[in-house]
Amino acid sequence: MNYQKPAAICEGAPARDGPCDSHRIGTFVPSELQAVEEAVRSQGVAIRRMRLDDIPGVLELVAQLFEESARPSRREVYKNVRWGGPGNLVAQDGSGSLVGFYLCTSYAEGVSLGVMMGVARRMAGRRLALALERRSFLETMAFGSRLRYGGVRPDNFRSLHVLLNQVGYVGEEFVVSPDPALSRILITLPQTPRAYVAESRWRSWASWSSASAIQT
């Protein structure tokens, strides 16, 4: 099969955005963050940056959603929360219960990596996964990331269906692990305002950047 990324996404590559990037991002990100916050607020949910005291709740949700071989260790989650930057998020419902999380690593060289995302099954259909992903994308863009890496499991048919039929491609590389739960289809997207808008037009609620995407 021969395919490539849609031009609407590729044209947002950082090299084309020029020297005004920082100013554009500084004016673009706040309004988009407000839109994300309003969308989840209407569902009775709040998203905020992950704290160290959130780790037990995150691990509990991970245990509910992922098979053991795919679960990160407490140390791995700690490293993301402590040093991974502003893209690490949790979502809470009106009672304060943790109903979603996003783990992300931001690098000094302007690259961010979506590590893992999970949403409680009872929250299915509320677009919470998309809100977590967009919030993390925007927060790391404001932090200085200009390139976003992520991966989708090859058995995550829901996300692959959305990627192929609504985005137009499923990834650049297939990394095979002896443990099938750790195999990934790798995806790369530019982190610029133009790319964010273009990619948002193509996408439904499923996430390209989640390690196992959304468990429903």
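Just a few scattered comments:
- Among (1) under 18 Å from VAL36 (Cβ atoms); (2) among the hydrophobic types (A, V, I, L, M, F, W, C); (3) part of a helix (DSSP H, G or I) - the single one CYS104 does not satisfy: (3)
- Residue within the stretch 197-208 that is hydroxyl-bearing (Ser, Thr, Tyr), outside any helix (DSSP H, G or I), modelled with pLDDT of 65 or more and in contact with a strand residue (DSSP E or B) (Cβ under 7 Å, 6 or more places away or on another chain) present: no
- Annotation for the stretch 129-136: no member residue is surrounded by 18 or more Cβ atoms within 10 Å (Cβ to Cβ), of a type in the set (Ser, Thr, Tyr) and modelled with pLDDT under 90.
- Residue among SER95, SER112 that is without any contact (Cβ under 8 Å) to a residue 24 or more places away in the chain and either under 22 Å from GLY144 (Cβ atoms) or in a loop (DSSP other than H, G, I, E, B) (or both): SER95
- The set of residues in the stretch 86-110 being farther than 12 Å from LEU61 by Cα, among the hydrophobic types (A, V, I, L, M, F, W, C) and at pLDDT 90 or above consists of LEU89, LEU103, CYS104.
- Check on GLY26, surrounded by fewer than 21 Cβ atoms within 10 Å (Cβ to Cβ), more than 21 Å from ARG153 (Cα to Cα), of a type outside the set (Lys, Arg) and in contact with an Asp or Glu (Cβ under 8 Å, 6 or more places away or on another chain): no
- Just one of the listed residues (ALA46, ALA39) is of a type in the set (A, V, I, L, M) and in contact with a Leu (Cβ under 9 Å, 6 or more places away or on another chain), namely ALA39.
For every residue, the table says whether it meets (1) farther than 22 Å from ILE187 by Cα; (2) not hydrophobic (A, V, I, L, M, F, W, C).
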position: ILE25; (1), (2): yes, no
position: GLY44; (1), (2): yes, yes
position: ARG49; (1), (2): yes, yes
position: VAL62; (1), (2): yes, no
position: LEU65; (1), (2): yes, no
position: ARG71; (1), (2): no, yes
position: LEU89; (1), (2): no, no
position: MET123; (1), (2): yes, no
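- Taking the conditions (1) assigned to a helix (DSSP H, G or I); (2) modelled with pLDDT under 95; (3) more than 17 Å from the chain's Cα centre (by Cα); (4) surrounded by 14 or more Cβ atoms within 10 Å (Cβ to Cβ) in turn, GLN43 satisfies each one other than (1).
- Restricting attention to the stretch 60-82, the residues being exposed (fewer than 14 other Cβ atoms within 10 Å of the Cβ), modelled with pLDDT of 85 or more and in a loop (DSSP other than H, G, I, E, B) number 1.
- Condition met for PRO178 (without any contact (Cβ under 8 Å) to a residue 24 or more places away in the chain, assigned to a loop (DSSP other than H, G, I, E, B) and either of a type outside the set (A, V, I, L, M) or more than 30 Å from THR27 (Cα to Cα) (or both)): yes
- Restricted to the stretch 8-21, and to residues there that are surrounded by 10 or more Cβ atoms within 10 Å (Cβ to Cβ) and in a helix (DSSP H, G or I), the residue that is modelled with the highest pLDDT is ASP21.
- Conditions (1) out of contact with any Pro (no Cβ under 6 Å at 6 or more places or on another chain); (2) in contact (Cβ under 8 Å) with a residue 24 or more places away in the chain; number of the one not met by GLU139: (1)
The values are calculated or read from the model by the stated rules, or taken from the named source; none is laboratory data. Bear in mind the structure is a predicted one, so any value in this text is a computation, not a measurement. We place every Cβ from the backbone using ideal geometry, glycine too, and count neighbours over all the protein chains shown.
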